[in-house]
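The structure appears below as structure tokens.
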Amino acid sequence: MAKFFRRRPRAIPKIRIFKNESIRARTIRLIDENGEQVGVISRDEGLKLAREKSLDLIEISPKAEPPVCKIGDFGSFLFNKQKAEKKQRAASRKAELKEVRLSVRISQNDLKVKAERARSFLLKNSPVKVTLQFRGRENSHAELGFEKVKNFVEILAEVATPEAAPRKIGSRIILTLRPEKVKKEK
């Protein structure tokens, strides 16, 4: 019975950040609010310096020996850390393979419309799989299919490069286009 229930995605473990009195280490390596290293001092001295400046003592690197702490605003530190993590997650997102389907009898104008759709995928850095499906007697005229795929690739030549030559598998011609690295204009 239990195998029918869907498993919940595991929660990402939260990293606990210690501040002020909750820092356990007796000696710390201190960095001031300007990013300059003060040196290795006791935790109590670090707390005293932080309170003089009306800021918090934040443990940045607890696994270092001695732990690294910084003087700064804890709310601002958390905001910047969350912002950096969000940016990192967005950058590590996998490019999804998109597919565009063609047929031998597609008109030139429809081919251009499909190419524009593929162009939008490629500009978003997603690879595009081009599939041309043969139906019935069309299968005996594979050269027409290869011609359509070649035409499609020529339309997208400035934004994509074919991974390999188009190949016929059964009643289909398959080709994968990879986006080219385009320099962003500012």
Say whether the condition of being of a type in the set (S, T, N, Q) and at positive phi is met by at least one residue in the range 66-81. no
Just to be sure, is Leu111 of a type in the set (A, V, I, L, M), out of contact with any helix residue (DSSP H, G or I) (no Cβ under 9 Å at 6 or more places or on another chain) and assigned to a helix (DSSP H, G or I)? no
Criterion violated by Glu36 - all others in (1) surrounded by 10 or more Cβ atoms within 10 Å (Cβ to Cβ); (2) at pLDDT 90 or above; (3) of a type outside the set (Phe, Trp, Tyr) satisfied: (1)
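Rundown of residues vs (1) without any contact (Cβ under 8 Å) to a residue 40 or more places away in the chain; (2) outside the structural domain of Asn139 (by TED's automatic domain parsing); (3) not acidic (Asp, Glu), yes/no style:
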site: Cys69; (1), (2), (3): no, yes, yes
site: Lys86; (1), (2), (3): yes, yes, yes
site: Arg89; (1), (2), (3): yes, yes, yes
site: Leu102; (1), (2), (3): no, no, yes
site: Ile106; (1), (2), (3): no, no, yes
site: Asp110; (1), (2), (3): yes, no, no
site: Glu116; (1), (2), (3): yes, no, no
site: Ser120; (1), (2), (3): yes, no, yes
site: Asn125; (1), (2), (3): no, no, yes
Inside the range 52-71, can you point out the residues that are farther than 11 Å from Leu30 by Cα, surrounded by 12 or more Cβ atoms within 10 Å (Cβ to Cβ) and either touching a helix residue (DSSP H, G or I) at 6+ places or on another chain (Cβ under 9 Å) or among the acidic types (Asp, Glu) (or both)? Leu55, Asp56
Out of the residues in the range 63-107 meeting the condition of being of a type in the set (S, T, N, Q) and part of a loop (DSSP other than H, G, I, E, B), tell me which one is farthest from the chain's Cα centre (by Cα). Ser107
Would you mention how many residues in the range 60-116 are closer than 30 Å to Gln133 by Cβ and among the aliphatic types (A, V, I, L, M)? 9
Hits in the range 11-62 (condition: in a loop (DSSP other than H, G, I, E, B) and under 32 Å from the mean Cα position of the chain (by Cα)): Ala11, Ile12, Pro13, Lys14, Ile15, Arg16, Ile17, Phe18, Glu33, Asn34, Gly35, Pro62
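The values are calculated or read from the model by the stated rules, or taken from the named source; none is laboratory data. Just so it is clear, the structure is predicted and the values come from calculations on it, not from any experiment. Note that we place each Cβ from the backbone using ideal geometry, even for glycine, and neighbour counts take in every protein chain shown.
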